[in-house]
Every structure is written in C-alpha cells, then in structure tokens.
1. Karplus couplings for the stretch 37-50 from phi (6.51 cos²θ - 1.76 cosθ + 1.60, θ = phi - 60°), rounded to Hz, Gly and Pro as x?
2. Averaging over every viewing direction, what projected area does the convex hull of the Cα atoms of the stretch 30-71 cover, in nm²?
3. Taking 0.36 nm per intervening residue step and subtracting the Cα-Cα distance, what contour gain separates Ser48 from Leu36 on full extension?
4. Lys92: which lysines have alpha carbons under 23 Å from its alpha carbon, excluding same-chain residues fewer than 8 sequence positions away?
5. Note the full-extension length gain between Val95 and Glu71 as 0.36 nm times their separation in residues minus their Cα-Cα distance, in nm to one decimal.
6. By the gyration tensor of its Cα atoms, with a ≥ b ≥ c the square roots of the eigenvalues, what is the shape of the stretch 27-99: rounded for a/c under 1.5, prolate for a/b over b/c, or oblate?
7. Report the antiparallel proportion of the DSSP beta bridges in the stretch 27-99 as a percent, rounded to a multiple of 5.
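What follows is calculated from the coordinates using simple rules that are stated; it is not laboratory data. No experiment lies behind these values; they were computed from the predicted model shown.
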Amino acid sequence: MRFFLLLTLLVVGIFLTSAIQPLGKGYNSHCMCLKLESRVIPQHNLRSVEIFPRGSHCKNTEVIAGLVSGEKICLNPQTMWVKKLIRFIEKKERVIKTA
C-alpha cells in the first residue's frame, strides 16, 4: 500500500514539474519600476530603451532607459514624450521585421 502511495506521489510530482513553464532570460515575476521619471531625457543621454508590456508579472507597461552614464531609470509611459518614443521604437521594429 505504501509503495503505491509513493509511486503515485512520484508520478504526480514528475507531471507537475514538467507542466511548469520555464521563465525566460530576464523575466521578472514582479514589477521592476517602483519610481517613474517624467522629465524629458535628451536623446544623446540615452544608450538603450527596453519596453516591457503589461502582463501577469506587472499590470503596467514598463519602459526602462539605459543612460550613457550606466544608470537605468524607469520612464513614465503615460507622458507624451515617452508615448512618442514607444511609437517610434515599435515602428522601427516593424520596419526591421518586414525588411
């Protein structure tokens, strides 16, 4: 009887671990931005911009800018200049994908 109970637990454990989706590189299970920056960042100070759409990890779209100084800051996606930046990046990515 114990043998069947252990066997059942083992099978259920293997099934559950194989059903769990692995998290991709850079995936975070919670919001990364606690403080948002609304001021305009000059283009020559920007090194990179990463856009993380809202999802199960965070209810908000997150925009993280890498600065030339090495610092990373979270931009407020509700400000007009960041909305324009997001549209520009998305348009640029669409052009690259169709090329």
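1. After applying 6.51 cos²θ - 1.76 cosθ + 1.60, I find 9, 9, 5, 6, 9, x, 4, 5, 8, 8, 9, 8, 9, 10 Hz.
2. Average of the hull's projected areas for the stretch 30-71 equals 3.2 nm².
3. Here the segment from Ser48 to Leu36 would lengthen by 2.7 nm.
4. Cα-Cα hits under 23 Å: Lys72, Lys83, Lys84.
5. Between Val95 and Glu71, full extension yields an extra 5.7 nm.
6. Since a/c reaches 1.5 but b/c is at least a/b, the shape of the stretch 27-99 is classed as oblate.
7. In the stretch 27-99, DSSP labels about 90 percent of beta bridges as antiparallel.
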